[in-house]
Amino acid sequence: MTGNANAEKVVWIDTESAGNRVRLRLRDNGPGIAAEHLSHIFDPFFTTKPVGKGTGLGLSISYGIVEQHGGVLSASNHPGGGAEFLLELPVAS
């Protein structure tokens, strides 16, 4: 799967429970995340958008919120193509 502009856009959502944790996995069939950006996407003010089109705070704020709740938020490129985000949180007591 590659980021063909003419291809139908698809998002897969998968959930699972493992012990006292829940996982939400989101994957698309786009081009994925550029390798040089992958290690920076959760950095405050990091953006690939032109100046004035984004602050680069969305993923950084999301990462902080998840971490404050004892969770993990990560991003990668799926071997089958597209970007994949994994959100893992503890089950509320």
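Throughout, read-outs are computed from the coordinates displayed, never taken from laboratory work. Source: prediction; values computed, not measured. Cβ coordinates were reconstructed from backbone atoms using ideal geometry, including for glycine residues, and neighbour counts include every protein chain displayed.
For chymotrypsin sites (Phe, Trp or Tyr not before Pro), the sites in the chain that DSSP calls loop and that have at most 12 other Cβ atoms within 10 Å are 45. Overall form of segment 42-93: oblate. Here a/c, set by the Cα gyration tensor axes a ≥ b ≥ c, is 1.5 or more, and a/b is not larger than b/c. Loop exposure criterion: trypsin sites (Lys or Arg not before Pro), DSSP state outside H, G, I, E and B, at most 13 other Cβ atoms within 10 Å. Applied to the chain, the longest stretch between such sites is 10-52. Under a model in which nothing but the beta-carbon of Lys, Arg (+1) and Asp, Glu (-1) is charged, segment 24-72 shows a dipole of about 160 debye around its Cα centre.
Dipole check for the chain: with +1 at the C-beta of Lys and Arg, -1 at the C-beta of Asp and Glu, and the Cα centre as origin, the magnitude is about 160 Debye. Ordering 13, 45, 55 by the projection of their Cα atoms onto the charge dipole of the chain, which places +1 on the Cβ of Lys and Arg and -1 on the Cβ of Asp and Glu, puts 55 at the extreme positive end. Taking a quarter of the surface of the Cα convex hull of the chain gives a mean projected area of 7.2 nm².
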